[in-house]
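For reference, the structure discussed in these notes is given below.
The numbers here are math on the coordinates, done by the rules we state, and not lab data. Everything numeric here is computed off the predicted structure, so don't read it as measured data. Note that we place each Cβ from the backbone using ideal geometry, even for glycine, and neighbour counts take in every protein chain shown.
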Amino acid sequence: MSTSATPLAVVVDHVARVTDSWVPGAWLRPVLFVLLVLVTLGVVVAAVPVGPLFRWRLRRRMLAMLDPALSAEERERARATLREAIPVRGRPAVVDERLPRGHDPVALRVPVVVAPGPDGCPGFRIAAPWHNRPVPEHQPGSRQVVSVLLRGGRALLVVVLGRVGEVDAGVVLAGAPDRPHVQRATARDGTTFPGDVVEVPTPIGPVWRHTYGVGRSFVTDTHLDRDGWAFVIGVVRSNEDTSLKGLGDAVLATWQWLPADDDGEVPPAAVPTDAAVPTDAAVPTDAAVRDVGLVLADERGPLARFRVPSAPAAVDVPCPDGSTTWAYLRLSPTAHLVVSSTPWDGVVGTALGDLEQPGRTAWGPSVTPAGPVSERRTGAGDVLVRTFRVDGVLRTQARLDRADRSWTWSLTRTPDERDTLAALDDVLRTWQWAPFTEPDPAPTAVAAPPPG
């Protein structure tokens, strides 16, 4: 469940050609595919009944797919991760947890409960065709919480992608309406998209669905959000298989959210027949229209204020690397503006160093400069700016080291969305650091991060 024909897709296609009993969970394709590639590899290694030679070949293949721009240190870390995830000798002894032969893969016969996470992630209860494969203890960030193996290259998967607005290696986790569009915009060669992105009404509100194919398998992803957390349901099948038609809708009809204080042990309640349908975040018709005032604040008080085109889709989002997304602004299904910061220890040149050597992840997406680093005078001060090509999109970043934070203003867009650059210019032009000595240029509604 992802954005493109990732290295994992190639590997799993190789697995499929070697054995016809590989675990379908290996086709897991998250929107931020890098976050789940190693989890999926663990599933592959645990469930594919092959020997040391196969695992050695699989590990070699993954090593060959590493981003060539990785530093020697990053490459060695990736090698160590692969050695741990794909041991050449031995493999965990697992019970065959696949749907028994002859069972209807769409009949919902087993209750599955995912308890709320200690990080505030909502839990849920569903009915599934078979038992959920055991998952590791709670992990921060993106995690696969449901893996129902249905034989024949088929699976039902549920993944918690993280918090909407979360930034990892420069990539923001978009809201549910936009994640399929972002995936299509950044797809690599070999990925096909039969059909369009569709909005589907369900008992728990609208969801956004699309299908993509890589190699001999197809995945239908259904995206939904709850309390600021991003979820995706994946139905995996082979190219010609129609046996799982309607499975996603059937599961959603049984879906019940569990509040944070629910341990999942209470008897299931009736499936709601009516649910309030949340409205999609508004897309501004003019990305340079200043109609919302946004104030950023932490426990010590206000930090800055500025004007934005529309109300942010998310504010004050903690990220896995210790940074904070102060504001995530949706400009279009494939364009967004993110204001974030990381703790700064005062080392001179942090912002410049990050622009000269952008962060990369072992298996992509690829990040290449589209121009030199330039300096621009703005309301926030003299910022450094550079644009990067990130697979099929462009990312323009403005950077500034100030006080105890290194700030980033990042605009991601497709090449034909040049008009959205005005939103980045507008934010930087109207930026004011606290304490405020000038009046707000055009007082309107103010959105501020929640306390704590």
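With θ set to phi - 60°, apply the Karplus curve 6.51 cos²θ - 1.76 cosθ + 1.60 along the stretch 325-333 and write out the HN-Hα couplings as whole Hz, x wherever there is a Gly or Pro.
8, 6, 7, 10, 10, 8, 9, 6, x
Along the three principal axes, how long is the stretch 96-258 when you take its alpha carbons, biggest first, rounded to the nearest angstrom?
Result for the stretch 96-258: principal-axis Cα extents of 45, 39, 30 Å.
Non-local amide H neighbours of Thr254 (under 5 Å, H modeled in plane, Pro and chain starts lacking H): which ones?
Sorted by chain and number, the residues that satisfy this are Ala127.
Compute, for the stretch 96-258, the length of the dipole vector about the Cα centre, with Cβ point charges of +1 (Lys, Arg) and -1 (Asp, Glu) only. Units Debye, rounded to 20.
440
Please give the peptides 149-162, 211-224, 117-130, 187-200 ranked by average Cβ packing (other Cβ atoms within 10 Å per residue), highest first, as a rough proxy for protection.
Numbers: 149-162: 24.4, 211-224: 21.4, 117-130: 19.2, 187-200: 13.6.
Listed from highest to lowest mean packing, they are 149-162, 211-224, 117-130, 187-200.
Take peptides 227-234, 391-398, 173-180, 72-79 and line them up by average Cβ neighbours within 10 Å, highest first, as a rough protection proxy. List each step's numbers first, then the result.
Details: 227-234: 22.0, 391-398: 19.9, 173-180: 26.2, 72-79: 13.2.
The packing order, highest mean first, is 173-180, 227-234, 391-398, 72-79.
Considering the convex hull of the alpha carbon atoms of the stretch 292-447, report its projected area averaged over all viewing directions, in nm², one decimal.
Values: hull surface 38.3 nm².
Across all orientations, the stretch 292-447 yields a mean hull projection of 9.6 nm².
Below 13 angstrom from the Cβ of Asp241, what's the summed charge of the other residues (Lys, Arg +1; Asp, Glu -1)? Could you put the intermediate results ahead of the total?
Values: positive: Arg151, Arg154, Arg216, Arg237, Lys245; negative: Glu240.
Once positives and negatives cancel, what remains is +4.
Sorted by mean Cβ packing within 10 Å, highest first, what order do the peptides 343-349, 432-438 take?
Values: 343-349: 9.7, 432-438: 11.9.
Result, highest mean first: 432-438, 343-349.
Could you list Arg98, Arg377 in order of exposure, starting from the residue whose Cβ has the fewest other Cβ atoms within 10 Å? Walk me through the intermediate numbers first.
Details: Arg98 21, Arg377 9.
Ranked by crowding around the Cβ, least crowded first: Arg377, Arg98.
Give me the dipole magnitude in Debye, nearest 20, for the stretch 292-447 about the Cα centre, with unit charges on the beta carbon: positive for Lys and Arg, negative for Asp and Glu. Walk me through the numbers on the way to the answer.
On the way: 16 positive and 19 negative charges, 54 e Å.
Taking the Cα centre of the stretch 292-447 as origin, the dipole is about 260 debye.
Near the amide H of Arg402, under 5 Å away, which other amide H atoms are found, from residues 5 or more places off or on another chain, if H is placed in the peptide plane?
Those qualifying (amide H under 5 Å, at least 5 residues apart or on another chain) are Trp407.
Using amide H atoms built 1.01 Å from N in the peptide plane, name the residues 5+ places from Glu417, or on other chains, whose amide H lies under 5 Å from its own.
none
Please give me the summed charge of the neighbours of Gly381: other residues whose Cβ is under 13 Å from its Cβ, Lys and Arg +1, Asp and Glu -1.
Details: positive: Arg376, Arg377, Arg399, Arg402, Arg405, Arg429; negative: Glu375, Asp382, Asp401.
Once all neighbours under 13 Å are counted, the net charge is +3.
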